[in-house]
Amino acid sequence: MDVLHRRKTMNHEERLRRLLHTVAEEKIPNVMNPWPQLRHRLVTPHRSLRNGRHSIRRTLLLSGSALVLCAALLLLAASVSPATARTLAAIEQAIVGTRSVPNNPVSFQPAPPFIVFQPAVLPQGFSRIGERYNPNGMSDSQIGTVIPADGARSALVRARSQTPHVVIGYESTNTTYVALFQRAVQPQEVLPSGEVRTVNNQPATLRHDGTTRTLTWMQDNTWLELETDLEERELLAFATQLTITQRPDTTTAVSDGPAIVSYDLPLVSVEDALRVLPAQVPQPTWLPADVIVQGARVDPPDWLNLVYTRAGTNKDGGMSFEISRGSRSATTSLNGAETEVVQVNGQTAVYQRTVSGSAQRLAWEVDGYSYELSESRLGLTRDELLRVAESIR
Amino acid sequence: VTDEELAITRLQRGDVDGLQFLVARYYLQALRAAYLVTHDRMAAEDVVQDAFIRVYERIHQFDTTRPFGPWFLRSVINAAVKVSMRADRDLSLDKPAPSTNASFYETLVDGQLSLDEQVIQAETTTAIWTALQQLRPAQRAVIVQRYYLGLSEAELAQVQHCPPGTIKSRLHAARIRLGELLNALRPNVIQTDD
């Protein structure tokens, strides 16, 4: 019996061994020779603060020139003939990669403990959709606010750093996005691995994840990361024209916790949100006790987010119901959450709950629209969340 | 003198190109191991590249009487565990969902395939991947070290600086949990040794 048990165990162990090798080889069949890139990192003197102040003057000169030139072009464009305007637009396109509009930079208070960069101009069609400032470096998950998770919006809420940082999100009308993440360079910090690039004479690395590109570099002791689904050429143009917009102010006290400084999609009443949408939008008809509607965010014509909270408490928790056109449920999830397939009014849905139980999410699709019901730190049960979902009419 | 010893000697003299041989020999294995622990390709690449940079910086701490591989892979796994624990603490709303899809469940309830046929199916590796992701990082690491890197329990005890009995119980607990997760995903793909 003991022999049989041991043999069975060995079979299982051997199978596990083979499976792990198969998984590993499937996930990473092979890699390009990493040596040139690694050697570049080892021999390039970009570590720590060694490249500190040497580029400030050059950056100021270059960015100042770009600003003056862009401003001049924009002023001229208003008073010249259409042909000249087209020529100027072409020149402008050569500078920033695409036609552009001036950007109105945001000022963070209290001033972050690092130099902040923002674009002098934005590619045409882009606008700043919001920014997050986390002065104490708490994990963004501790903020607990339920915000829609797409493009730049998701970059604003994603946990990215345990140090004070800012994230600024830009989106175009065709949902292309750019998220600009910044924090202070840490001692002995090195760039992440990736393809080697140069931004403003600083070494940079470019990484790909599907259509998402992330460009990372250090400039004037600020760690910068640009995440986008723009093409590389446009991404590099965006990175190159960033200019200093704010410097550390050592006299300003640091506030007690993280804050969303602004969010360009304002929270409005549900009635106001529904009024600007072209069609009747289903929404929950049942809510757990004490859970009330806090408001709505709307991005007509096909995106609505209803935000709920617990009445009479000041806790961070909330519930969110998001409806949007197209398939999105497969692209978002709660990291590390266990997944379960459930039914919501006859539709197959994915239910996820984090191991700690602090957040749960339910996503499904109906007639070409994605529905997502999520809850964080509100203390709802799985059944309550399902009941809310099934009450959507 | 082996090529590996030669490479380490060059490194200890400050010759950065001594690392090239070690990168060629260990990079892929280390990357796969780190990926099994982190489930994040970019994080795994960072972990491995940083580990090689540490090798370059701290090669003087390396005891040349010992084999390089286990020493290096231990530092990779430890770094991967740290990254995973940090990631587990953060709540991301932007990562792809674990690949538990309808076709998997259809296969599961279908039950027409023999066990061996099921094992060789792609869904099996998906199940292993999904189940691994749901283990705690430390459990993931011990599974990867034992079954992917092929360290014996004695070697594991040595690199983890703990008694063999502790490793045995950690492995047992990790296997039990992995078995539970796999059984939940698909009965009989792999069973625990109980």
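The values are calculated or read from the model by the stated rules, or taken from the named source; none is laboratory data. This one's a predicted model, so the numbers in the text were calculated from it and none came from an experiment. Positions of Cβ are generated from backbone atoms using ideal geometry, with glycine treated the same way; all protein chains shown enter the neighbour counts. Surface accessibility is based on the protein's heavy atoms, side chains included, excluding ligands, DNA and RNA. Shrake-Rupley method; radii C 1.70, N 1.55, O 1.52, S 1.80 Å.
What FRET efficiency comes out for B:Met85 versus B:Asp15 if R0 is 25 angstrom and r is the Cβ-Cβ distance? Round to the nearest 0.05.
0.10
Less than 5 angstrom separates the built amide H of A:Leu378 from those of A:Gly318, all sequence-distant by 5 or more or on a different chain.
Taking B:Lys82, B:Lys168 and ordering them by how much accessible surface each has at a 1.4 Å probe, largest first, produces B:Lys82, B:Lys168.
Listed values for region A:117-128 are Karplus-derived 3J(HN,Hα) couplings in whole Hz (6.51 cos²θ - 1.76 cosθ + 1.60, θ = phi - 60°), namely 10, 9, x, 6, 9, 10, x, 4, x, 8, 9, 6, and x replaces Gly and Pro. Averaged over peptide A:26-33, the number of partner chain Cβ atoms lying within 10 Å of each residue's Cβ comes to 4.
Accessible area per residue (1.4 Å probe, heavy atoms of protein chains only) ranks B:Arg140, A:Arg377, A:Arg18 as A:Arg18, A:Arg377, B:Arg140, with the largest value leading. Per residue of peptide A:341-347, the mean number of Cβ atoms on other chains within 10 Å of the residue Cβ is 1. Proximity of backbone amide H atoms, modeled 1.01 Å from N, is registered between A:Val121 and A:Asn103 at under 5 Å, excluding neighbours fewer than 5 places apart on the same chain.
For A:Asp383, the accessible area of its heavy atoms, probed at 1.4 Å with every protein chain present, is near 100 square angstrom. FRET efficiency for the A:Glu195 to A:Asp290 pair, using the beta carbon distance and R₀ = 35 Å, is estimated at 0.10.
In this structure the amide hydrogen of A:Val199, modeled in the peptide plane, comes within under 5 Å of the amide hydrogens of A:Ala204, none closer than 5 places in sequence on its chain.
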